[in-house]
1. Conditions first: (1) over 18 Å from the mean Cα position of the chain (by Cα); (2) hydrophobic (A, V, I, L, M, F, W, C); (3) modelled with pLDDT of 95 or more. F144 passes all but one, so which condition is the exception?
2. State all residues of the stretch 120-141 that are surrounded by 13 or more Cβ atoms within 10 Å (Cβ to Cβ) and either part of a helix (DSSP H, G or I) or under 16 Å from the mean Cα position of the chain (by Cα) (or both); if no residue qualifies, say none.
3. Have a look at D111, D151 and point out the one that is under 19 Å from T27 (Cα atoms) and either among the acidic types (D, E) or at pLDDT below 95 (or both).
4. Among the residues that make up the stretch 14-25, is at least one of them buried (at least 18 other Cβ atoms within 10 Å of the Cβ) and in contact with a His (Cβ under 7 Å, 6 or more places away or on another chain)?
5. If I filter the stretch 45-72 down to residues being crowded, with 17+ Cβ neighbours inside 10 Å and part of a helix (DSSP H, G or I), which single residue comes out as modelled with the lowest pLDDT?
6. What number of residues within the stretch 78-111 are among the polar types (S, T, N, Q), under 18 Å from the mean Cα position of the chain (by Cα) and either within 22 Å of G5 (Cα to Cα) or not in a helix (DSSP H, G or I) (or both)?
7. Among the residues of the stretch 117-155, which ones are within 17 Å of P40 (Cβ to Cβ) and either of a type in the set (K, R) or in contact (Cβ under 8 Å) with a residue 60 or more places away in the chain (or both)?
8. Being surrounded by 14 or more Cβ atoms within 10 Å (Cβ to Cβ) and of a type in the set (S, T, N, Q) is the requirement here; does T110 meet it?
Amino acid sequence: MRSRGLFVAEFLPEEARLLSSLADQITELVRDPEAHRADPAVHRLLPDAYPDDAEASAEFRRFTVDGLAERKAANANQVAADLASAAEAKSASKVRLTDSSAGAWLRSLTDIRLTVATRLGITEDGDLGTEEPELIDLYNWLGFVQGSLVDCLDR
């Protein structure tokens, strides 16, 4: 919901903790991509610019990967910071986002969903991925959260 220039969402403590943990995982993946280079999610988050040209891709990555990783980590850190109080609460609580933090949330939710999609084996629209009901439910819930925020931004 949008209220007085802020976006307001309500999260249960366990939802806030889960989303905060996922944001922290994104930060960990992008802060040290070399340590996680075998993880396919890193390749989705920090893709090669020229998949058919390893040399050009390496050169492009040399100039861009640090800035891209820094922005992704900053977005994820914003999500975790915004959720801190809700994660500690005893019951559902409201999280208020400014226009700026709402943008960070959208970008970070995209990164989180890409990571979960990679874990599920989803590579394109329409894929159902593997048969892991908990991950599928998580992926769908993240889509709901992201869609709700997009709907608020469109109003």
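The values are calculated or read from the model by the stated rules, or taken from the named source; none is laboratory data. Model, not experiment: these values are computed from the prediction. Heads up, the Cβs are rebuilt from the backbone with ideal geometry, glycines too, and the neighbour counts pull from every protein chain shown.
1. If we test F144 against (1) over 18 Å from the mean Cα position of the chain (by Cα); (2) hydrophobic (A, V, I, L, M, F, W, C); (3) modelled with pLDDT of 95 or more, just (1) comes out false.
2. Within the stretch 120-141, L120, I122, L135, I136, L138, Y139, W141 meet the criteria.
3. Result of the check over D111, D151: D111.
4. No, that holds for no residue.
5. Among those that are crowded, with 17+ Cβ neighbours inside 10 Å and part of a helix (DSSP H, G or I), it is R61.
6. Looking only at the stretch 78-111, we keep the residues that are among the polar types (S, T, N, Q), and these are 78, 85, 91, 93, 98, 100-101, 108, 110.
Add one more test, that the residue is under 18 Å from the mean Cα position of the chain (by Cα), and what stays is 78, 98, 100-101, 108, 110.
Next, from what is left, pick out any that are either within 22 Å of G5 (Cα to Cα) or not in a helix (DSSP H, G or I) (or both): 78, 98, 100-101, 108.
So the answer is 5.
7. If the condition is that a residue be within 17 Å of P40 (Cβ to Cβ) and either of a type in the set (K, R) or in contact (Cβ under 8 Å) with a residue 60 or more places away in the chain (or both), then A117, T118, R119 are the ones that fit.
8. Values: surrounded by 14 or more Cβ atoms within 10 Å (Cβ to Cβ): yes; of a type in the set (S, T, N, Q): yes.
Here the answer is yes, as T110 does meet what is asked.
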